1. Regarding the stretch 424-444, can at least one residue be identified that is closer than 30 Å to Pro107 by Cα, of a type in the set (Gly, Ala, Ser) and in contact (Cβ under 8 Å) with a residue 12 or more places away in the chain?
2. Restricted to the stretch 315-345, and to residues that are outside any loop (DSSP other than H, G, I, E, B) and among the polar types (S, T, N, Q), which residue is farthest from Ser406 (Cα to Cα)?
3. Within the set of pairs 6 or more residues apart or between chains, which connect a residue that is more than 16 Å from Leu93 (Cα to Cα) inside the stretch 157-170 to a residue that is among the hydroxyl-bearing types (Ser, Thr, Tyr) and not in a helix (DSSP H, G or I) with Cβ atoms less than 9 Å apart?
4. Arg167 passes all but one of (1) surrounded by fewer than 21 Cβ atoms within 10 Å (Cβ to Cβ); (2) charged (D, E, K, R); (3) over 21 Å from Gln127 (Cα atoms); which number fails?
5. Considering Lys405, Lys447, which residue is buried (at least 16 other Cβ atoms within 10 Å of the Cβ) and among the charged types (D, E, K, R)?
6. Scan the stretch 410-432 residue by residue and report those that are among the β-branched types (Val, Ile, Thr) and surrounded by 22 or more Cβ atoms within 10 Å (Cβ to Cβ).
7. When you scan the stretch 133-154, how many residues do you find that are of a type outside the set (Asp, Glu) and in contact with a helix residue (DSSP H, G or I) (Cβ under 9 Å, 6 or more places away or on another chain)?
8. Quick one: what pairs do we get from the stretch 123-149, first residue without any contact (Cβ under 8 Å) to a residue 40 or more places away in the chain, second of a type in the set (A, V, I, L, M) and outside any strand (DSSP E or B), C-beta under 7 Å, 6+ apart or different chains?
Amino acid sequence: MLHKYDPRSQKAGEFISHKEIMDTLDYAWANRSNTRLIDEILAKGRECKGLTHREAAVLLDCAIPEKNHEIFRLAEEIKEKIYGNRVVLFAPLYLSNYCVNGCLYCPYHAVNKHIPRKKLSQDEIRQEVTALQDMGHKRLALEAGEHPVMNPIEYVLESIQTIYGIRHKNGAIRRVNVNIAATTVENYRKLKEAGIGTYVLFQETYNREDYERLHPWGPKSDYAYHTEAMDRAMQGGIDDVGLGVLFGLSLYRYDFVGLLMHAEHLEAAYGVGPHTISVPRLCKADDIDPRKFKGGIDDETFAKVVACIRVAVPYTGIIVSTRESPEVRERVLRLGVSQISAASKTSVGGYAGEAAEDTSQFERHDTRSVDEIVRWLMELGYIPSFCTACYREGRTGEVFMGIAKSGNIHLRCQPNALMTLKEYLMDYASPVTKEVGEAFVREEVGKIPVERLREITLRYLGRIESGERDLRV
């Protein structure tokens, strides 16, 4: 059944209209060599106010080499203008791999008998979080399979409370983002009251036919309920939500357009677009062979997808995980990525215990330590940031979007990133990273464009040197 496209509608079939996506793909293909139109879209993109899904699709399909170079340069310029040179670091924390769904691409699917099942106790969570704090992490992304008995909402809420309550040396988790299955308005309200940061839920694919084929049974098989989850989260008071698709499951052009339509829907219906957009690619995992899926994309295409998302949705944080290699991560950092995971373990109990790799959700291609990634980022000219200031100062939802869309968020990101980097250097860095970092911080402070902010930052850095923590502007 074809639905009329309506970005304000709260019905999945209307704000993600199959007909509109197919018409958009036809339009983009027909205009892939239309120099005049592409130039007009690039000119609009330079205003940093975003593009429509149709305009972005034309850029993605652009077949003119010199224009593709312009797209990449524009993405770099927008990333620098909006977020500056800071890159936020986080780590996933897997609570449980019990799951009742039948997702064909995930090793946690209920009929997989190879993978050991595990659920962390609250004591085990404390051990995991302490290990993460010893690495220097300040923000986590909670992950759990969907299982109403083993992983009820009460377990997730108790785990959040446990995490926020752990103080170890100078360590503390300051922001807990949550990636759990689609749930009810009431449960989203409970998550909000528990103090979560961003609620993240990957659509996997926006192609309804492919979605239903890939989710043959289980609660997740309900396409509409899953796709409308962000509406319920917003209605439950969560104003920072994160979108994402798993590139490789379906045709990437289709999912690219669907992803942008979802962002447009959130803007149209709630006035707040996605706080983050994640761009994972399908990886090899236990009982999963990526070759069975039809939508794999190469590194060059992946880079273009990231660049076009940055031009289309300039205010959003773009996330790339350790699914990608260091080389790929370095390239897409320039093109718009603003958040990366570091030293991730995708197994339950992987940080403190000796969890077997066969409990991992996917294969990691960047296995470096936090210290190595911090030093690598500085050597590339980026400020490694453990910042959670906006969340802790109440700059979420419309407030955050207003600052980000104005192009002024970097005025807060830069000082706060440097202060959290200073904390890391004082508390966790290896001698060589600390030496590199101290010189880097001194240099970057001098680049803060507003004198008053520069003076505040210098004063706060001195206070951190004297033992204070969690200072922010």
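1. Step one: filter the stretch 424-444 for residues closer than 30 Å to Pro107 by Cα, giving none.
Taking every residue of the stretch 424-444 in turn, none turns out to be closer than 30 Å to Pro107 by Cα, of a type in the set (Gly, Ala, Ser) and in contact (Cβ under 8 Å) with a residue 12 or more places away in the chain.
2. Checked the stretch 315-345; the qualifying residue farthest from Ser406 (Cα to Cα) is Ser341.
3. So the pair list comes out as Asn170/Tyr428.
4. The one condition Arg167 does not meet is (3).
5. Working: Lys447 fails: buried (at least 16 other Cβ atoms within 10 Å of the Cβ).
Result of the check over Lys405, Lys447: Lys405.
6. If the condition is that a residue be among the β-branched types (Val, Ile, Thr) and surrounded by 22 or more Cβ atoms within 10 Å (Cβ to Cβ), then Thr420 is the only one that fits.
7. 10
8. Once the first residue is without any contact (Cβ under 8 Å) to a residue 40 or more places away in the chain and sits in the stretch 123-149, its partners that are of a type in the set (A, V, I, L, M) and outside any strand (DSSP E or B) give Ile125/Ile163.
Read-outs throughout are calculated quantities, based only on the coordinates presented, and are distinct from any laboratory measurement. It should be emphasised that the depicted structure is a prediction, and the values quoted were computed from it without experimental measurement. When we count neighbours, we look across all protein chains shown, and the Cβ atoms used for this are built from the backbone with ideal geometry, even at glycine.
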